[in-house]
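Student: This is the structure I have questions about; it appears just below.
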Amino acid sequence: MKNLKLPLQVLIVILFFSFTINYLSAQTTIEVSGEIQNDTVWNADTVKVTGDISINPLVTLTIKPGVVVQFQGPYEISVKGTLDAIGNSDSIILFTVKDTTGFSNHESDSGYWRGILYNGYPLGEIQGNTSDFEYCIFEYSKAIGEYPDWQGGALMIVWYDNININHCVFRNNLSNEAGGAIYATINACPEISNCLFEHNIAQWGGAIYIKQQGIADGTFIDNTFYNNLALVMVEHSI
């Protein structure tokens, strides 16, 4: 029996397709919605959000580096516990929407996801918790409708006193009222550092709006703002 000899080019092609098939087969996707009652980890390549998510008090949702959180419609993540999304420079976490058609229409109920909402009402319910976001991208989130849904395109923070946001990008987010990317008020104390805000839109605070009620405060270090739009400029807006 003769030995079969293949040209080097053929071997390279075979090895390439073998690697590609193995890589594709390793991709994982999960679908999520509803109430998170126990500590949970999202570690799939793509997490498809098919309905509103709520994180209960004393419960932690952890999102691993490299995860794409893809909202299938105008859904939100409501946090009364802890949300930790810590990526790294090589494996960024992406919060985005499946289809952006209709995003630029301020009245359209399509083309966006609703954002991540921290609302600690009644006072003290989630004080003392900490949430961390590092190396995340937030894009195509929109806050429209009636009060309070029209505030904080990507993040709305109310009565939640410790959120750290570092090396993140907020781009193409929109609010019909205040805080195209971030809105914070009433005992909200976000620390925002080394972040990029670009192409965010709101009436007040195209990128960030902080309303000082209670002991609301914030720390801002080495952030970059580019081409954000506010129709009205007021104190404590960026």
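Student: For the range 197-220: of the residues being within 20 Å of the chain's Cα centre (by Cα), modelled with pLDDT under 95 and assigned to a strand (DSSP E or B), which is surrounded by the most Cβ atoms within 10 Å (Cβ to Cβ)?
Tutor: A202
Student: Out of everything in the range 53-109 that is in a strand (DSSP E or B) and among the aromatic types (F, W, Y), what residue ends up being farthest from C136 (Cα to Cα)?
Tutor: F71
Student: Quick check on the range 91-104: of everything there that is closer than 14 Å to D45 by Cα and surrounded by fewer than 20 Cβ atoms within 10 Å (Cβ to Cβ), which residue is farthest from the chain's Cα centre (by Cα)?
Tutor: Within the range 91-104, the match that is farthest from the chain's Cα centre (by Cα) is S91.
This table checks each residue for (1) closer than 20 Å to Q72 by Cα; (2) modelled with pLDDT of 95 or more.
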position	(1), (2)
H106	yes, no
N119	no, no
F133	no, yes
I137	yes, yes
A143	yes, no
P148	no, no
A154	yes, yes
C195	no, yes
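Student: Further question on the same structure: Against the conditions (1) within 17 Å of V169 (Cβ to Cβ); (2) surrounded by fewer than 16 Cβ atoms within 10 Å (Cβ to Cβ), where does L58 fall short? Just the number, please.
Tutor: (1)
Student: Taking the stated definitions as given, is G81 under 18 Å from S33 (Cβ atoms), buried (at least 16 other Cβ atoms within 10 Å of the Cβ) and touching a strand residue (DSSP E or B) at 6+ places or on another chain (Cβ under 9 Å)?
Tutor: The answer is yes for G81.
Student: Please go through the range 28-52 and pick out each residue that is outside any loop (DSSP other than H, G, I, E, B) and of a type in the set (V, I, T).
Tutor: Selection gives T29, I30, V32, I36, T40, V41, T46, V47, V49, T50.
Student: Please determine, by comparing only the residues of the range 221-238 that are among the aliphatic types (A, V, I, L, M), closer than 18 Å to N176 by Cα and part of a strand (DSSP E or B), which one is modelled with the highest pLDDT.
Tutor: Looking at residues that are among the aliphatic types (A, V, I, L, M), closer than 18 Å to N176 by Cα and part of a strand (DSSP E or B), I get L229.
The values are calculated or read from the model by the stated rules, or taken from the named source; none is laboratory data. What you are looking at is a predicted structure, and each value in this text was computed from that prediction instead of being measured. Note: ideal-geometry Cβ built from the backbone for every residue, glycine included; neighbour counts use all protein chains shown.
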